[in-house]
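For reference, the structure is listed below as structure tokens.
Read-outs: derived from the displayed coordinates by stated rules, not from any lab. Note that this is a predicted model, so its numbers are computed, not measured. As a convention, Cβ positions derive from the backbone with ideal geometry for all residues, glycine included, and neighbour counts pool all protein chains shown.
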Amino acid sequence: MKIYGVALLAFCFLVGKLAGNLLGSWMGIEGDVGGVGFAMILLILLTAFMRRVSWLEDDTEKGILFWSAMYIPIVVAMAATQHVKAALSGGPVALLAGISATLAGFLLVPVLSRIGKQTEPNPPAS
């Protein structure tokens, strides 16, 4: 059922926010540090695990795919606008960290695209 997909997404979001807030408090920052990333990684891992042990029904997977497609762009856009002013006023270290993370992401695209390529075509579905 699609509601299970929403429940799994909500669970991942709450655990990710908790982990991000805990990491932020550990670093001495008042705020969420990486909560969205933790939530997405947890959602990917739980979905892969549920698919592997055959706990994921088609309707549940469709619900997860639908809401994650809605969730990712909205939350990433919201997270991108947080503390931009503080990061810019933080000086060159904050800018250097942002630029280096962006460049590392661009450089990893070819590596990640090679990982996902299939060597042999899938057998026909029966």
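Some observations on this one:
- Note on Met27 and Phe106: with the Förster distance fixed at 22 Å, the Cβ-Cβ geometry gives a FRET efficiency of about 0.25.
- Here the extension length gained between Leu45 and Ala7 equals 12.2 nm, from 0.36 nm per residue of separation less the Cα-Cα distance.
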